[in-house]
Structures are given as structure tokens and as C-alpha cells.
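Just so it is clear, none of the values below were taken in a lab; they were calculated from the coordinates. Keep in mind the model is a prediction, meaning the values are calculated, not measured. Methodologically, a virtual Cβ is constructed for each residue, glycine included, from the backbone with ideal geometry; neighbour enumeration extends over all protein chains shown.
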Amino acid sequence: MNKTLNPAHIAPPYKNRYSHAIEVSAGSRMLFISGTVGVRPDGSVPAEFAAQVDTVMQNLTEILRAGGMDWGDVVKFQGFLTPQGDIPAFAEVRQKYFAAQKPAMTVVWVAGLADPRWMVEVDLVAAK
Amino acid sequence: MNKTLNPAHIAPPYKNRYSHAIEVSAGSRMLFISGTVGVRPDGSVPAEFAAQVDTVMQNLTEILRAGGMDWGDVVKFQGFLTPQGDIPAFAEVRQKYFAAQKPAMTVVWVAGLADPRWMVEVDLVAAK
Amino acid sequence: MNKTLNPAHIAPPYKNRYSHAIEVSAGSRMLFISGTVGVRPDGSVPAEFAAQVDTVMQNLTEILRAGGMDWGDVVKFQGFLTPQGDIPAFAEVRQKYFAAQKPAMTVVWVAGLADPRWMVEVDLVAAK
């Protein structure tokens, strides 16, 4: 099991939505997951931001499963938002997927993503 | 050998240019490679975007080689483009370097890079 | 000990502030550290950029310590700057913390961070 690191004498993670760090034990296998976007199996992209985030999270769930892992094994979550994104809505949808052990996280606003319909892209590192 | 994960029941990777995820076996050694830019050995920077991408890819090839690895060992490719970048040209040059096993990939548009001559920056994780 | 890779026949790392790559041996334990910002233990955020960078670096030092590591174990440094950031000031403060072995590094300008007071966010990978 990966280990959560949240030293008590610095400011806590922003709104307690993530862990300051996750430690991966020697001898773990790891998954490096691509920047994943809100494209449904039929190629369509939800026009509404929260629905798009949910599609991203479902796609990531399937990719984790293909590697024999789940959200409890995620060590790093990296999110890129376009100006059409929304941080509270992103958090609200995303946090439902997290297990008891929250991953380390970086989220930034970027100038854009490869397809103008995409408002959010997330990549992950997972380990087990 | 790293393992490609492309679950069949979600949308395929964008234009099949990358893998949804790469699994790294326990007991691999890993390379973490810096954001690499299109600076030639003499310090010059190609003014043309495609030539700059090619210089980035050549530099990355040399860094991989210094670690005893090649493009078939790359597990994660992360690209940052400035507004002067061009996604189709980036893909066209980049994909020539990839081995049969395509890495996981994230590409985003950013506001800028450290030197205004740079239009693209790429970092890698590799494992063997 | 992680190993530095700086092939001699490509252009050196920008201003020699980082290493082209760091190799992590098989059998290392690893830390994945969140995008860390310049928030002090009391929740305040320095208004001045250099002070904010210093707070980021102190917070990262504490997180590394919680994992039994220090700056000599950092393999990858990823920095995101907002338009209010300043690359020379970032480098000046940051480099004081680095050990003899400089990490691999990526630094980009982004459109913004989650809280408008934040001008810089840094995440790390470390291994020992």
C-alpha cells in the first residue's frame, strides 16, 4: 500500500482535496497514464463542463482497471484546465472518485488543449 | 519490456498517436528527463517550428542513449507548446521517432516558456 | 544514489540550473509530491514573489523530510509560473536549496493557478 505524507507543521493541502505526497514502496509496479479527456466511446464530447469531468474520470477508471488498479492506487493526479473550466465543479465531480487515500495533485490553468472542445485533461501515475 | 494498456471500451487515444497507459514492471530502473528544448549544440535555436521539434527529439534521443535507453523505453511524453507552436507539425515530426510501442502522452498549450525563442518543450519518463 | 546524465555533445542545461536527466536505480522507493504553493503555516501568502518562492521551497523541504529524503534525492522538479512570476527571481531563490546533484527540471508559464494569490507552484518526484 502506498503511504500518505502530510507533515503537520506546514499549511494543509488546499481544501484537503489531496495529499501533500504519496510514497511508493520499492518493488511496486507503476502505471503512467496519458492526459485523458472527456471523449465518450462514441467519440462525442459533453458540452457541459461537469459532464466532461465525469467522462474524464470514468475513462481514467477504465484505464486503471486495465492495469489491475483503482483510485486507491493513484499516487499523482495532474489536471490541466482551459479558460472554459471551473475549479469548484472540477473538484466536486473529481472528489467523488477518490478513495480514502487521496493522491498527490497538481492543477493549473493552461492556454488551451489539443482540441477546442476539451476543457479539462488529466493524467495520472499509479503504483501497486 | 514495458506493457501498453489500451482498454477497448473507451474512446481510443487521440488520432492513435500515443497509448492510454504504459505499465512499468517492478524492478525497472527509470530515467526522469528535463523539459528539453530545441537548442542545437552550438547554442542556436531553429526559427522554424518543425526544425525546432526535430532538434528537441534529437536532444531527447541523446539523453535517452546516455541512460542506455531508446524511444521504445519511453513511458510518458509530456509536451508544452507556446502560441507559436503547431499541433499537426509537432505530431508529424514527433511520431517519426516513436518505436512500435507508443508512450503515454500529455500535450497542452501554455502561456510561454523560459526563453521566447522556444516554441516547444518536452520532458520524458523512461523505464527499462 | 541517483545518477546524473548530462551528455556532452548536446547543448548544456539552460544556465546549468538543472540536469538533463536523473536515473533512478531499480529498487528505489519514490515520493510523488503535490503541486506546492507559497502558503505559510498560518494560511497567509507572501505578496512578494521571491518570498513566495522561498515559502514554496521551505514547504517542499518539509514534505521531503516527512518521507525521509532531502533535496539531494529530488529527481524531477516541475515549476508552473503565472504572469506575475519572474524567472530570474525564481532561479535565484530555488537554486540555494539544491544539493550538489541538480534535479531534472521543467518550468513553464501557465495562464493561472487555483488561487489568484499564488504566483508559482512546484511539484517534485524524489527517489532513494
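Restricted to segment B:39-68, and to residues that are part of a helix (DSSP H, G or I) and either over 23 Å from B:A99 (Cβ atoms) or among the acidic types (D, E) (or both), which residue is nearest to the other protein chains (Cβ to nearest Cβ)?
Filtering segment B:39-68 for residues part of a helix (DSSP H, G or I) gives B:49-66.
Now restrict to residues that are either over 23 Å from B:A99 (Cβ atoms) or among the acidic types (D, E) (or both): B:49, B:54, B:62.
Details: B:F49: 16, B:D54: 13, B:E62: 5 Å.
The residue in question is B:E62.
Quick check: is even one residue across segment B:77-86 crowded, with 23+ Cβ neighbours inside 10 Å, small (G, A, S), touching a residue at least 24 places away in the same chain (Cβ under 8 Å) and touching a His at 6+ places or on another chain (Cβ under 9 Å)? Spell out how you get there, then give the answer.
Restricting attention to segment B:77-86, the residues satisfying the condition of being crowded, with 23+ Cβ neighbours inside 10 Å are B:77-81.
Filter once more, so that each one left must be small (G, A, S): B:79.
If we keep only those that are touching a residue at least 24 places away in the same chain (Cβ under 8 Å) too, we end up with B:79.
Remaining after also requiring touching a His at 6+ places or on another chain (Cβ under 9 Å): none.
Within segment B:77-86, none of the residues are crowded, with 23+ Cβ neighbours inside 10 Å, small (G, A, S), touching a residue at least 24 places away in the same chain (Cβ under 8 Å) and touching a His at 6+ places or on another chain (Cβ under 9 Å).
Going by the conditions given, is A:F80 in contact with a Pro (Cβ under 9 Å, 6 or more places away or on another chain), outside any helix (DSSP H, G or I) and within 12 Å of chain C (Cβ to nearest Cβ)? Reasoning before the result, please.
Numbers: in contact with a Pro (Cβ under 9 Å, 6 or more places away or on another chain): no; outside any helix (DSSP H, G or I): yes; within 12 Å of chain C (Cβ to nearest Cβ): yes.
Criteria not met by A:F80.
Please go through (1) surrounded by fewer than 22 Cβ atoms within 10 Å (Cβ to Cβ); (2) touching a residue at least 24 places away in the same chain (Cβ under 8 Å) for C:L64 and return the number of the only condition it doesn't satisfy.
Against the list (1) surrounded by fewer than 22 Cβ atoms within 10 Å (Cβ to Cβ); (2) touching a residue at least 24 places away in the same chain (Cβ under 8 Å), C:L64 comes up short only on (1).
Quick check on B:W71: is it among the aromatic types (F, W, Y), under 15 Å from the mean Cα position of the chain (by Cα), more than 18 Å from A:V110 (Cβ to Cβ) and crowded, with 16+ Cβ neighbours inside 10 Å? Steps first, answer last, please.
Numbers: among the aromatic types (F, W, Y): yes; under 15 Å from the mean Cα position of the chain (by Cα): yes; more than 18 Å from A:V110 (Cβ to Cβ): yes; crowded, with 16+ Cβ neighbours inside 10 Å: yes.
So B:W71 passes the test.
Restricting to segment B:12-38, name every residue that is more than 10 Å from chain C (Cβ to nearest Cβ), surrounded by fewer than 19 Cβ atoms within 10 Å (Cβ to Cβ) and more than 25 Å from B:T82 (Cα to Cα).
Residue satisfying the conditions is B:P12 alone.
Scan B:E23, B:E92 and give me the residue that is assigned to a helix (DSSP H, G or I) and of a type in the set (D, E).
Details: B:E23 fails: assigned to a helix (DSSP H, G or I).
On inspection, the qualifying residue turns out to be B:E92.
Within 14 Å of chain C (Cβ to nearest Cβ) and in contact (Cβ under 8 Å) with a residue 24 or more places away in the chain: does that describe A:A89? I'd like the intermediate steps shown before the answer.
On the way: within 14 Å of chain C (Cβ to nearest Cβ): yes; in contact (Cβ under 8 Å) with a residue 24 or more places away in the chain: yes.
For A:A89, the condition - within 14 Å of chain C (Cβ to nearest Cβ) and in contact (Cβ under 8 Å) with a residue 24 or more places away in the chain - is met.
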